[in-house]
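**Q** Have a look at the structure that comes next, please.
The values are calculated or read from the model by the stated rules, or taken from the named source; none is laboratory data. What you are looking at is a predicted structure, and each value in this text was computed from that prediction instead of being measured. Note: ideal-geometry Cβ built from the backbone for every residue, glycine included; neighbour counts use all protein chains shown. With ligands, DNA and RNA removed, areas are computed over all heavy atoms of the protein, side chains included. Shrake-Rupley method; radii C 1.70, N 1.55, O 1.52, S 1.80 Å.
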Amino acid sequence: MTITSQAPAAEVGAARKRKEDARLITGQTMWTENIVVPGMLHMAILRSPLGHARISRIDTAPALREPNVVAAFSGRDVADVQGSLPCAWPVTAELVMPAHPPLAVDEVCHTGEAVAVVVARDRASAVDALAAIEIDYEPLPVVLDLEAALADGADLVHTDQTTNKAYTWIFDSAQAGTGGAVDEAASGAEVVIRRRYRQQRLIPAFMEPRSVVVDATGDQVTVWSATQIPHVLRFLLAVGTGTPEHRVRVVAPDVGGGFGGKLQVTPEEMITYLASKRAGRPVKYTETRSDSLLSAHHGRDMIQDIELSARRDGTVLGLNVRLTANMGAYLGLVGPGVPILGAFMYNAIYKFPAYRFECTGVFTNTTFTDAYRGAGRPEATYAIERIMDELAVEVGLDPLEVRRRNWIGHEEFPFTTVAGLTYDSGNYEAATDRAKQLLGYDELRREQAARRASGDPVQLGIGVSTYTEMCGLAPSRVLGSLRYGAGGWESASIRVLPTGKIEVVTGSSPHGQGHETAWSQIVADQLGVAFEDVEVLHGDTRTAYKGMDTYGSRSLAVGGFALVNACKKVIDKAKPVAAHLLECDVSDVEFADGAFRVRGTPDGGRSLADCALAVFAAHDLPDGVEPTLDADDVYDPVNFSFPHGTHLCAVEVDTETGRVTIRAYVAVDDVGRVVNPMIVEGQVHGGVAQGVAQALFEEAVYDADGNLLTGTFVDYTPPSAADLPDIVSDRTETPAPDHPLGTKGVGEAGTIASTPAVVNAVVDALRPYGVDDVPMPCTPERVWQAIRNGGGQS
Amino acid sequence: MRSNTQASARVETPDTAVVRGPGDVEVWLSVNGAAHRLAIEPRVSLLDALRDRLELTGTKKGCNQGACGACTVWVDGERVLSCLTLAIACERREVRTIEGLADGQTLHPMQAAFIARDAFQCGYCTPGQIMSAVALLKEGHAKDDSDIREWMSGNLCRCAAYPHIRSAIRDVRDGKTGD
């Protein structure tokens, strides 16, 4: 093919319709639950009805006499082979790590913990036969309260441990050499504000319940799982079961949302493996919604004690954070590290001279906690953005002004923070100015004043959240220094097929993010091929054998970097081939706008497809030219990326009923250069919705006996269309300076930013009533109580 | 075993209470215009009959408790939660699922609008959203955004693609195609 000098339209930046969509809107998607393997059996799990108990007797034999039952077993039957579920983030050397057997053996430590299973020819038979299992429990004291759990003489969450404390992890800027000492800052401060905030327990509540199919009948173990992390699962399944890694294949088919909730190596995956081994047949397990809410890992659940020292002019002198984090009954895959991710973010966008962070992880008899959208960073952002509002009130400044007096100016980047991170870029002024303009900030302040003056029963509140986050997880060296068990690199492979079509293999594993579309756009630009000519493969360790999967807004920030590098390698490999076809010296070949040309000769170029066909035939390649254009890249980031933005929320609070109505929500995010604005907007909408949900709607609640009271979507209430406002979403664009695409990451930004924006608005509305805090979620009852109590913490 | 006679008895005298089951009984279901003869327990939900017996897995079991809307299908043109509907109660009625919405290779305008507006992310709840969205227009419950919000509130989307879903519904309501 001869190419003339017509530049193809740039794909990156275009609102391309998603490649994933056709199968999703016709019901043709391959979810794990849809997978049927010949000879497959179905598994049901018996779960503990008690928060803490000794299993004094268990007999699964009666279940074997029920119709269609093939196998039944308890933890005792597999105690020697089931091992312990992995925690990959032992944040301190002294970390207390109780054994986490997939099936409880002698002791259950939270309601919903798996104790026995039935495997049957159909699902209903398996579920029915659970009732035949005989089990006696001796109840043990249930430990639920975080502070009581740490007290001397407290009852123990695990009777074989001597403490309920998992770890204490400390960062001190004076010791790290990144800043001063907080005690000195506080002693010299004109203003010291102390607050306690509670991050309620949340449930990721992905729409697709977790499902897993395991075929462990032959030498090869194949696992299909609704997981975010097929590669991590493969590695840990191989190590955990002693199966040679090359005989383990993990497939993440289409996965229906994760939000961190599927960033886990689950008891259910291991139990299904054990069931397949014992039954000698492929086995499927799909959880019910209530089992999902009860036993899939939860998120957040921390107490935050914050002390902010400042001068009267609003300049912050020091920040001291004491965190008590609920681990639940066990340590999840990355659970202990979740608060530590937040440790680097409490100082947020500000130039604080002194900072100390101390986190104590605590066991309780509850479902274990782990990553949920934002993982540590929403908690940090909430605390700092809430207390910056308190500072503003204390010193009599507008909340945006007190922030402006402390934030890093756009001319000061790169900026090394008091927490030791180097922020590469940002423009907080631009995002804030834009957000103020879009909201009509000044007009709303005037309206607020008028309503306050008139004693309007419906008060107006304006909430501010200026945030940044560290994403693009993560430089492997940093992860290593934080004792995380794996690296943070990502891989990409490009296969150039003989006809010039492209297969891209990515090591990240999407579950709704639209990788197939975004990756195609990037490759189309890099290689000068059509968007439609790119196929993106992912989520099957047989095809994509090398990857670190999808979480922490990392796929594009890290995987996209690898993708661009791999594309550049393809071009480098194609150049000598093109030179041969063009009959010129390789040093005279240039690649631009999708064509290889002789430098200075606009016409007569050759395409990548020409080169692909030439290497396919390989009849007369020059000596030493490898007959392929395929290339791989594994990229290890040198730094995190730092999206930022300003979210503003205006709420109306009915002071007579406590009802909060979001009147306007403005999100101005700077996520760097945008590959597909339509996808980015969807991520912002979804992220904001989940943050709003924490502020107003959601809370996982246990009763005094450790029963989860929120085990259905009637009690645990993700917002519906009727509950959410329209979101005005806009962007400023400060390209990430060290990324070839300039991208930063967007998956968690909305969640991180929105919760404090909403709660700040609610509290702002109620300042005239003496209210300085409303605990989350700000339900009508709690708002009403806060008004009646006439205040809050100060 | 008793199912055939009892089923036919019911046809002849529909007002008479007839006990069918326990155990498998014969149930005729018309789904997406095709008749299916099933042998199912009378307590089998329409959702399980569609997914497990007819391999129509486009309809989703998001909660099986009537709280999420992922299982929304039409019975005689009305949207129902198939997890709370017994299959046996749908005899002699017309069931339509996401698999029966497109006209051959031509997508239903609502499906096309969902793509044009990026009205989903993970896509798990999407078949239920689309079945609800089409019914919503027919019901006259899409007059304005607040109307759409309220009448789509039975379909949860954890990705919270609600703003784009509303855009898609508005487009179809207003006869806009594509973007």
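**Q** If you scan the range B:85-99, which residues turn out to be part of a helix (DSSP H, G or I) and in contact with a strand residue (DSSP E or B) (Cβ under 7 Å, 6 or more places away or on another chain)?
**A** Result: B:87, B:88, B:90.
**Q** Here is a further query. If we keep just the residues of the range A:190-228 that are charged (D, E, K, R) and under 30 Å from residue A:391 (Cα atoms), which is least open to solvent (accessible area, probe 1.4 Å)?
**A** It comes out as A:201.
**Q** Just for the range A:425-462: of the residues that are in contact with a His (Cβ under 9 Å, 6 or more places away or on another chain) and not in a helix (DSSP H, G or I), which one is surrounded by the most Cβ atoms within 10 Å (Cβ to Cβ)? If you could, list the steps in order and put the result at the bottom.
**A** Of the residues in the range A:425-462, the ones in contact with a His (Cβ under 9 Å, 6 or more places away or on another chain) are A:425-431, A:435.
Applying the additional criterion that residues be not in a helix (DSSP H, G or I) yields A:425-427.
Working: A:425: 22, A:426: 26, A:427: 19.
Ranking the candidates gives A:426 first.
**Q** Counting only residues that are closer than 30 Å to residue A:755 by Cα and surrounded by fewer than 24 Cβ atoms within 10 Å (Cβ to Cβ), how many does the range A:490-512 have?
**A** The total comes to 0.
**Q** Right, here's the next one. Closer than 23 Å to residue A:293 by Cα, surrounded by 24 or more Cβ atoms within 10 Å (Cβ to Cβ) and touching a Cys at 6+ places or on another chain (Cβ under 9 Å): does that describe residue A:100?
**A** No, not satisfied.
**Q** Ok, one more. Mind listing whichever residues of the range A:69-85 are surrounded by fewer than 20 Cβ atoms within 10 Å (Cβ to Cβ) and in a loop (DSSP other than H, G, I, E, B)? Steps first, answer last, please.
**A** Taking the range A:69-85 first, the residues surrounded by fewer than 20 Cβ atoms within 10 Å (Cβ to Cβ) are A:76-77, A:79-81, A:83-84.
A:79, A:80, A:81, A:83, A:84 - these are the residues of the range A:69-85 that are surrounded by fewer than 20 Cβ atoms within 10 Å (Cβ to Cβ) and in a loop (DSSP other than H, G, I, E, B).
**Q** Counting just the residues of the range A:116-152 that are buried (at least 23 other Cβ atoms within 10 Å of the Cβ) and more than 29 Å from the chain's Cα centre (by Cα), which one comes out farthest from residue A:279 (Cα to Cα)?
**A** Among those residues, the one meeting the criterion is A:142.
**Q** Could we say that residue A:687 is surrounded by 24 or more Cβ atoms within 10 Å (Cβ to Cβ) and under 30 Å from residue A:714 (Cβ atoms) here?
**A** Here the answer is yes, as residue A:687 does meet what is asked.
**Q** If you take the residues in the range A:274-299 that are open to solvent by 20 Å² or more (accessible area, probe 1.4 Å) and more than 14 Å from chain B (Cβ to nearest Cβ), which one is nearest to residue B:57 (Cα to Cα)?
**A** A:281
**Q** Taking the stated definitions as given, is residue B:97 surrounded by 24 or more Cβ atoms within 10 Å (Cβ to Cβ), of a type outside the set (Gly, Ala, Ser) and either within 12 Å of chain A (Cβ to nearest Cβ) or on the phi < 0 side of the Ramachandran plot (or both)?
**A** The answer is yes for residue B:97.
**Q** Please count how many residues of the range A:612-634 are of a type in the set (Gly, Ala, Ser), open to solvent by 50 Å² or more (accessible area, probe 1.4 Å) and within 18 Å of residue A:567 (Cα to Cα).
**A** Here the count works out to 0.
**Q** Which number in (1) more than 12 Å from chain B (Cβ to nearest Cβ); (2) assigned to a strand (DSSP E or B) marks the one condition that residue A:729 misses?
**A** (1)
**Q** Within the range A:235-252, does at least one residue satisfy the condition of being within 14 Å of another protein chain (Cβ to nearest Cβ), part of a loop (DSSP other than H, G, I, E, B), open to solvent by less than 10 Å² (accessible area, probe 1.4 Å) and at pLDDT 95 or above?
**A** First, pick out the residues of the range A:235-252 that are within 14 Å of another protein chain (Cβ to nearest Cβ): A:252.
Checking the rest, the ones that are also part of a loop (DSSP other than H, G, I, E, B) come to A:252.
Next, from what is left, pick out any that are open to solvent by less than 10 Å² (accessible area, probe 1.4 Å): A:252.
Narrowing the set further to residues that are at pLDDT 95 or above leaves A:252.
Within the range A:235-252 (the criterion being within 14 Å of another protein chain (Cβ to nearest Cβ), part of a loop (DSSP other than H, G, I, E, B), open to solvent by less than 10 Å² (accessible area, probe 1.4 Å) and at pLDDT 95 or above), the answer is yes, since at least one residue qualifies.
**Q** Criterion first (under 18 Å from residue A:667 (Cβ atoms) and either open to solvent by less than 50 Å² (accessible area, probe 1.4 Å) or within 14 Å of chain B (Cβ to nearest Cβ) (or both)) does residue A:758 satisfy it?
**A** The answer is yes for residue A:758.
**Q** Still on this structure: Restricting to the range A:487-512, give me the number of residues that are under 30 Å from residue A:476 (Cα atoms) and either polar (S, T, N, Q) or assigned to a loop (DSSP other than H, G, I, E, B) (or both).
**A** Here the count works out to 12.
**Q** Can you list the strands (runs of 3 or more DSSP E) lying wholly within the range A:272-343 that have 2 or more residues being under 30 Å from residue A:170 (Cα atoms)?
**A** A:299-310, A:316-328
Listed here are the residues, each with its yes/no results for (1) open to solvent by 20 Å² or more (accessible area, probe 1.4 Å); (2) outside any helix (DSSP H, G or I).
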{"position": "B:69", "(1), (2)": "no, yes"}
{"position": "B:111", "(1), (2)": "no, no"}
{"position": "B:122", "(1), (2)": "no, yes"}
{"position": "B:137", "(1), (2)": "yes, no"}
{"position": "B:150", "(1), (2)": "yes, no"}
{"position": "B:172", "(1), (2)": "yes, no"}
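Listed here are the residues, each with its yes/no results for (1) among the basic types (Lys, Arg); (2) within 10 Å of the chain's Cα centre (by Cα); (3) within 18 Å of residue A:286 (Cα to Cα).
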position	(1), (2), (3)
B:45	no, no, yes
B:54	no, no, no
B:71	no, yes, yes
B:75	no, yes, no
B:89	no, no, no
B:92	yes, no, no
B:98	no, yes, no
B:108	no, no, no
B:113	no, no, no
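**Q** Does any residue of the range B:70-81 turn out to be within 7 Å of chain A (Cβ to nearest Cβ) and in contact with a Gly (Cβ under 9 Å, 6 or more places away or on another chain)?
**A** Within the range B:70-81, the first condition is being within 7 Å of chain A (Cβ to nearest Cβ), and the residues that meet it are B:70.
Checking the rest, the ones that are also in contact with a Gly (Cβ under 9 Å, 6 or more places away or on another chain) come to B:70.
Checked the range B:70-81: at least one residue is within 7 Å of chain A (Cβ to nearest Cβ) and in contact with a Gly (Cβ under 9 Å, 6 or more places away or on another chain).
**Q** Looking only at the range A:657-677, count how many residues are open to solvent by 10 Å² or more (accessible area, probe 1.4 Å) and touching a Phe, Trp or Tyr at 6+ places or on another chain (Cβ under 8 Å).
**A** Residues that pass the stated criteria total 1.
**Q** Another question, if that's okay. For the range B:103-114, name all the residues that are modelled with pLDDT under 95 and either touching a strand residue (DSSP E or B) at 6+ places or on another chain (Cβ under 9 Å) or within 8 Å of another protein chain (Cβ to nearest Cβ) (or both).
**A** Those that are modelled with pLDDT under 95 and either touching a strand residue (DSSP E or B) at 6+ places or on another chain (Cβ under 9 Å) or within 8 Å of another protein chain (Cβ to nearest Cβ) (or both): none in the range B:103-114.
**Q** Still on this structure, please answer the following. Of the numbered conditions (1) open to solvent by 10 Å² or more (accessible area, probe 1.4 Å); (2) among the β-branched types (Val, Ile, Thr); (3) in contact with a strand residue (DSSP E or B) (Cβ under 7 Å, 6 or more places away or on another chain), residue A:271 fails exactly one; give the number of that condition.
**A** It fails just one condition, (1).
**Q** Moving on to the next point. Considering only residues that are part of a helix (DSSP H, G or I) and facing chain A (nearest Cβ under 9 Å), which ones fall in the range B:124-135?
**A** Answer for the range B:124-135, where residues must be part of a helix (DSSP H, G or I) and facing chain A (nearest Cβ under 9 Å): B:126, B:127, B:130.
**Q** Looking at the structure I just gave you, is residue A:704 on the phi < 0 side of the Ramachandran plot, more than 14 Å from chain B (Cβ to nearest Cβ) and either in a helix (DSSP H, G or I) or open to solvent by 10 Å² or more (accessible area, probe 1.4 Å) (or both)? Give the derivation first.
**A** Working: on the phi < 0 side of the Ramachandran plot: yes; more than 14 Å from chain B (Cβ to nearest Cβ): yes; either in a helix (DSSP H, G or I) or open to solvent by 10 Å² or more (accessible area, probe 1.4 Å) (or both): yes.
When the stated conditions are applied, residue A:704 passes them.
**Q** Follow-up. If you check residue A:745 against the conditions, is it in contact with a helix residue (DSSP H, G or I) (Cβ under 7 Å, 6 or more places away or on another chain), open to solvent by less than 40 Å² (accessible area, probe 1.4 Å) and either on the phi > 0 side of the Ramachandran plot or touching a residue at least 24 places away in the same chain (Cβ under 8 Å) (or both)?
**A** Numbers: in contact with a helix residue (DSSP H, G or I) (Cβ under 7 Å, 6 or more places away or on another chain): yes; open to solvent by less than 40 Å² (accessible area, probe 1.4 Å): yes; either on the phi > 0 side of the Ramachandran plot or touching a residue at least 24 places away in the same chain (Cβ under 8 Å) (or both): yes.
Yes, satisfied.
**Q** Then there is this: Among the residues of the range A:693-701, is there at least one that is surrounded by fewer than 22 Cβ atoms within 10 Å (Cβ to Cβ) and facing another protein chain (nearest Cβ under 10 Å)?
**A** Looking for residues that are surrounded by fewer than 22 Cβ atoms within 10 Å (Cβ to Cβ) and facing another protein chain (nearest Cβ under 10 Å), one finds none in the range A:693-701, hence no.
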